[in-house]
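Nothing in this text is a laboratory measurement; each read-out follows from the coordinates by a stated rule. All values derive from a computational prediction rather than experimental measurement. Note: ideal-geometry Cβ built from the backbone for every residue, glycine included; neighbour counts use all protein chains shown.
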């Protein structure tokens with residue numbers, strides 16, 4: 001009897017352990033996979049401009065309730081199911097006025113099933129774009145002094161005064177190597193045009209790729225955004241101050257527009273027209289960084305928005321290198 005009782009105890013113990021193991025495996029898998037695996041960013045320029053202006057104007061007017069532009073855009077995203085072809089300025093005005101009037105976004109979106117999803121996505125794209133900063137400005141006597149401000153803390157990828165053209169080419173067909181869709185945004189500019197770091201971050205990749213030619217990959221400080229700058233200039237693609245693993249500041253010159261790539265051989269101009277290929281990849285989990293289901297963002301509307309904040313540069317004739325004219329530092333409070 002004692003032996004049978006012991007067997008039953010052992011059997012129950014084994015069963016409990018097996019069940020507990022299965023639960024741990026399942027819960028572990030759930031925790032590991034509990035991140036966004038698919039996202040689109042189709043927010044139109046007009047919506048971003050309206051939402052951003054509302055936040056900046058309220059801040060500068062010292063209003064009690066400052067509408068968050070990311071909350072406004074996320075509300076509109078949930079309202080439209082992400083389809084901003086439905087955008088109406090009246091919808092933006094309505095939600096902005098409600099937030100300025102003191103209503104809480106949690107109360108406004110209580111019955112919006114997907115608001116949280118859109119907020120996570122839009123915050124991943126635009127987080128850190130706005131906040132307090134200080135920058136150097138030139139006085140009347142030509143001296144530099146620091147001036148504090150509030151607004152965009154990110155920069156246009158093309159230096160100030162340098163012309164470029166672009167159109168919405170995200171998703172169009174590409175055929176070099178294999179047929180695929182274009183997961184970036186091309187900015188047509190002259191060879192040698194200074195390329196600017198949009199956001200501060202760490203240089204993760206720097207070198208040659210047969211598709212992108214000479215290219216640089218920069219990861220944002222919060223790790224959510226990976227910026228890809230490709231087809232840089234032949235022979236002298238990178239700024240001498242840039243190296244793999246280094247930290248760059250928003251507004252720094254990082255390289256120069258070219259037409260390299262589309263060649264298995266290094267340093268070849270395989271692209272017909274000089275341009276900057278610009279990409280932004282969202283990374284919600286490190287396993288997404290390089291995989292078959294990477295999340296790349298349509299940068300067309302964002303690029304238009306970034307033209308509001310351009311980095312002024314100057315040229316050193318002896319080295320033919322460009323450098324930023326004014327230093328810029330982000331203060332606490334970036335959103």
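What the table shows:
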item	result
Projected-area mean, the stretch 45-126, by convex hull of Cα positions, square nanometres	5.0
Burial ranking of peptide ranges 288-298, 183-193, 232-242 (average Cβ count within 10 Å, highest at the top)	183-193, 232-242, 288-298
Spin-label proximity, residue 182 to the stretch 290-309 - amide N less than 12 Å from point 7 Å beyond Cα toward beta carbon	299-300
Efficiency of FRET from Cβ geometry, residue 53 and residue 94, R₀ 22 Å, rounded to 0.05	0.90
Rounded to whole Å, sorted largest first: equivalent-ellipsoid semi-axes of the stretch 136-218, Cα gyration tensor	33, 15, 13
Spin-label pair residue 287/residue 273, simplified geometry with 7 Å Cα→Cβ offset, distance in nm	4.1
At R0 = 51 Å, FRET efficiency that the Cβ-Cβ distance of residue 136 and residue 116 yields, to 0.05	0.80
Estimated [θ] at 222 nm from DSSP helical runs (n ≥ 4, -39500 (n - 2.57)) normalised by residues in the chain, nearest 500	-9000 deg cm²/dmol
Length added when fully stretched, residue 294-residue 235, from 0.36 nm per residue minus Cα-Cα	18.2 nm
The stretch 45-126, relative contact order in percent, only Cα pairs under 8 angstrom and at least six apart counted	35
Additional length obtainable on full extension of the chain from residue 190 to residue 308, 0.36 nm per residue less Cα span	40.4 nm
The stretch 155-330: C-alpha gyration tensor shape, a/c 1.5 cut-off, then a/b vs b/c	rounded
Sorted peptide list for 123-129, 101-107, criterion being average Cβ within 10 angstrom, highest first	123-129, 101-107
Dimensionless Rg ratio for the chain, taking C-alpha atoms and the 2.2 N^0.38 Å reference	1.22
Proxy reagent accessibility, fewest Cβ within 10 Å first, across 320, 304	320, 304
Sequence-separation-based contact order of the stretch 155-330, relative, with Cα cut under 8 Å and 6+ spacing, percent	26
Cut-off 13 Å (backbone N to label point 7 Å along Cα→Cβ of residue 222), residues of the stretch 44-83	69-71
Residue 316 versus residue 209: modelled label distance in nm, points set 7 Å from Cα along the beta carbon direction	2.9
